[in-house]
1. Among the residues of region A:279-308, how many are in a strand (DSSP E or B), facing chain B (nearest Cβ under 7 Å) and either closer than 30 Å to B:Glu21 by Cβ or of a type in the set (S, T, N, Q) (or both)?
2. Mind listing whichever residues of region A:79-112 are under 22 Å from the mean Cα position of the chain (by Cα) and outside any loop (DSSP other than H, G, I, E, B)?
3. B:Leu91 passes all but one of (1) under 23 Å from B:Arg323 (Cα atoms); (2) surrounded by fewer than 18 Cβ atoms within 10 Å (Cβ to Cβ); (3) of a type outside the set (Phe, Trp, Tyr); which number fails?
4. Scan A:Val75, A:Val115 and give me the residue that is part of a loop (DSSP other than H, G, I, E, B) and either within 14 Å of chain B (Cβ to nearest Cβ) or touching a helix residue (DSSP H, G or I) at 6+ places or on another chain (Cβ under 9 Å) (or both).
5. Check region B:105-116 and report whether any residue there is farther than 27 Å from A:Phe298 by Cα and without any contact (Cβ under 8 Å) to a residue 12 or more places away in the chain.
6. Kindly list the number of the only condition in (1) buried (at least 16 other Cβ atoms within 10 Å of the Cβ); (2) facing chain B (nearest Cβ under 9 Å) that fails for A:Thr231.
7. Could you please find all residues in region B:242-261 being free of Cβ contacts under 8 Å to residues at least 40 places away in the same chain and either assigned to a strand (DSSP E or B) or facing chain A (nearest Cβ under 10 Å) (or both)?
8. Does A:Val238 meet the test of being more than 7 Å from chain B (Cβ to nearest Cβ), touching a residue at least 40 places away in the same chain (Cβ under 8 Å), within 24 Å of the chain's Cα centre (by Cα) and buried (at least 18 other Cβ atoms within 10 Å of the Cβ)?
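The values are calculated or read from the model by the stated rules, or taken from the named source; none is laboratory data. Please read these numbers as outputs of a predicted model, since none were measured by experiment. Neighbour counts are summed over all protein chains in view; Cβ atoms, including those assigned to glycine, are modelled from backbone coordinates with ideal geometry.
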2 protein chains.
Amino acid sequence: MKRTTGALRVALLGHGTVGAETARALTGRAAELATRTGAPVELAGIAVRRPRELPGIDGSLVTTDAHGLVTRGDVDVVVELIGGIEPARSLVTAAMEAGASVVTANKALIAADGVELHRIARKQGVGLAYEAAVAGAVPVLRPLRQSLAGDRPLRVTGIVNGTTNFILDRMADSGGTFQGALHEAQRLGYAEADPTADVSGADAAAKMAILARIAFDTELPLEEVRFEGITHIGPSDVAHADANGCVIKLVGICDRTPDGVSARVHPMLVPRGHALAGVRGADNGILVEALAAGELMFHGAGAGGLATSSAVLGDLVELCRERVAGRGAAQAELSRVLPHGPRSQVAARHHISMFVTDEPGVLSRISAVFADRGVSLETVRQEGLGAEAELALVTHPATDAAITEVIAGLGELTCTREVIRSIRLLGTRKEPVG
Amino acid sequence: MKRTTGALRVALLGHGTVGAETARALTGRAAELATRTGAPVELAGIAVRRPRELPGIDGSLVTTDAHGLVTRGDVDVVVELIGGIEPARSLVTAAMEAGASVVTANKALIAADGVELHRIARKQGVGLAYEAAVAGAVPVLRPLRQSLAGDRPLRVTGIVNGTTNFILDRMADSGGTFQGALHEAQRLGYAEADPTADVSGADAAAKMAILARIAFDTELPLEEVRFEGITHIGPSDVAHADANGCVIKLVGICDRTPDGVSARVHPMLVPRGHALAGVRGADNGILVEALAAGELMFHGAGAGGLATSSAVLGDLVELCRERVAGRGAAQAELSRVLPHGPRSQVAARHHISMFVTDEPGVLSRISAVFADRGVSLETVRQEGLGAEAELALVTHPATDAAITEVIAGLGELTCTREVIRSIRLLGTRKEPVG
């Protein structure tokens, strides 16, 4: 059944790291989500294994009866975040048969039963989406399915398991063993207590099966994805790779061969200049080669509750939009949610360098020019001596107007011989961008 | 009006580099596109400025009357690839008013009039898509609008002009001047005869206006995007950046400030470890920072007729699907277009290394083992001498079965002391991937 009026009702199955972030967004950012879906979105319930209080969630919404929640008939979208094959498969099937669309982050389920679940979704006329099942926050299934819908993908090469990438990265940085790097990954939360699914390559194989199906419109069974893990990789392999200008990565590949579509996962030597060599730590990176588009690279966080919830919520909004469109309502479009700001307010770090006369008190007079215009300095470095003395300064974020005043002020000093250049500085991660 | 039966009819405006590739795909890959859209797709006509013969196109489909083509009432989707404001604006408007959906790669038009064109599209109930207007083949508008629909984009930082990126890259590699690098870009087809729009930053500003609107649901006017170009950048700036561990890039940024949304384009120092520093040549790269997803990087070809046609065709298929869905037909899903192949057929280059006894004839005996199993060698390198002699070989692409036989054969030789490792080698661009 499809409900045809009122709010969109969303049921969550599971309240682990991804579930908790998804619930937090549904309750805390409801107005924002409503502008995206075109109708209010409300939490119909959260199914958990054992009864417990959930922070910020009305207790009446929490249930241990997941099957009752998904089949009671007033739910538009079910978000399955339990993981594993059962009871996830039964619940997802029951939800679709009760008329709900389904979002899931469950790569094991989709890899094993995706073809059958798509068949049920088509028959029931409901949506089924699982962007979060592959590469966490990195959008890759939707670009493959939609953006490249008029192109012809030829090959998908990816680092799709953050745990093994973190371990191999640590081994390369430290020169240490697989076991040592695995323990560090476990300590930092990048690896499970039982890491078998990750380090054996099985997790990556599940993701490559899903990628191959979407990229190549095929029904490739999971069993046909061969995989090798990284447990046999030792420090000498890593050093040997390094000596050959390479890093070792656990790489998944799917492509068209003369006989059809093939997918596999195994450790590989990746030359340092290759796009996948730059995928560090627990990140995921996927390189898509297509007939017309050439090489496209997608890179970002492959796991983590908050990052993965981004992909879950993206699917949720899309399936909600489809429900709203099915009701005949208008879709949300450019809706002027945010005003646009005056340009003078934007602050950037600036790198300013100039030749100066090398005499006592120069730095004091120059830094006063900055301080008087409210611009503070992050670093100051003098290079060269005497007539060749050059001063290089990096400011904390400052507006263009302030920097223009600073440069005018510097020009009036007798100790500055030439303001040679001022250029904005792009921040590295977690720093101001400018 | 909306047609409700039969083939989807597509009209092309313009037959330049992108138009020619789009026409080629529509005529040459019609069956493939039909499986993606759910209905046959046929060319309704191509409007060109001056009458001429187009290779592979029935002469009766070619017209100089673009207005007549888009208003005659039997066209489902109009693909506008003329560029510039007029007559593109009038034609796109007339097409939508005649009931056609519109795909365009025209960043100038969308940056200047996108808000108004969306208003017309909503009023007419037709689609309007322009993925190709920003970053060529790289899917970024759809990921922002759909994949991140449940997230909150905070900042978009991009290299969105391939011409200036190529010029800056050449200056960094050669130590040469802006003019020299510009001439090289013109010679290679990366810059127009009149390069003003690119080198002034105006082209990048148009793209940042579009990105800002999509990322932040705002109606930011193009006039509010301030921009600076790269014509004043000289060899000493490039050398200075290099000495500071940076490269100079023309960077576009849009973000939320306390006062609203801001967008701007200017040259920046980019630290070498930053994701955008790895965007080389005429490529485009876009870094999206979002509340939940964290940092997402999209990277690929920013221009070129074939690459841009990928984005045009992706939009075209999406708008065609919407027309088909509007007719009540089923959407194309996993359709088993391709079979999946036996794993033994997949060939990879392998890196095999082993310790050998350092005596005459060793290499001949070892290479015979490869040749006898049909595996040819790409490179052979010996390192160390005497008891420490190590041989490192890279094969041409070979199947796993063949490599397994080779390793067994090597183990039987008395001159090989230990087959220490065999690992597949990931190809660099244009090489076999393995």
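1. Step one: filter region A:279-308 for residues in a strand (DSSP E or B), giving A:283-290, A:294-301.
Right, trim to facing chain B (nearest Cβ under 7 Å) and you get A:290, A:294-301.
Next, from what is left, pick out any that are either closer than 30 Å to B:Glu21 by Cβ or of a type in the set (S, T, N, Q) (or both): A:290, A:294-300.
Residues in region A:279-308 being in a strand (DSSP E or B), facing chain B (nearest Cβ under 7 Å) and either closer than 30 Å to B:Glu21 by Cβ or of a type in the set (S, T, N, Q) (or both): 8 in total.
2. If the condition is that a residue be under 22 Å from the mean Cα position of the chain (by Cα) and outside any loop (DSSP other than H, G, I, E, B), then A:Val79, A:Glu80, A:Val102, A:Val103, A:Thr104, A:Lys107, A:Ala108, A:Leu109, A:Ile110, A:Ala111 are the ones that fit.
3. (2)
4. Values: A:Val115 fails: part of a loop (DSSP other than H, G, I, E, B).
Result of the check over A:Val75, A:Val115: A:Val75.
5. yes
6. Only one criterion in (1) buried (at least 16 other Cβ atoms within 10 Å of the Cβ); (2) facing chain B (nearest Cβ under 9 Å) is unmet by A:Thr231, namely (2).
7. Taking region B:242-261 as the starting set, the residues that turn out to be free of Cβ contacts under 8 Å to residues at least 40 places away in the same chain are B:243-246, B:257-259.
Within region B:242-261, B:Ala243, B:Asn244, B:Cys246, B:Thr257, B:Pro258, B:Asp259 qualify.
8. Numbers: more than 7 Å from chain B (Cβ to nearest Cβ): yes; touching a residue at least 40 places away in the same chain (Cβ under 8 Å): yes; within 24 Å of the chain's Cα centre (by Cα): no; buried (at least 18 other Cβ atoms within 10 Å of the Cβ): yes.
Against the criterion (more than 7 Å from chain B (Cβ to nearest Cβ), touching a residue at least 40 places away in the same chain (Cβ under 8 Å), within 24 Å of the chain's Cα centre (by Cα) and buried (at least 18 other Cβ atoms within 10 Å of the Cβ)), A:Val238 does not qualify.
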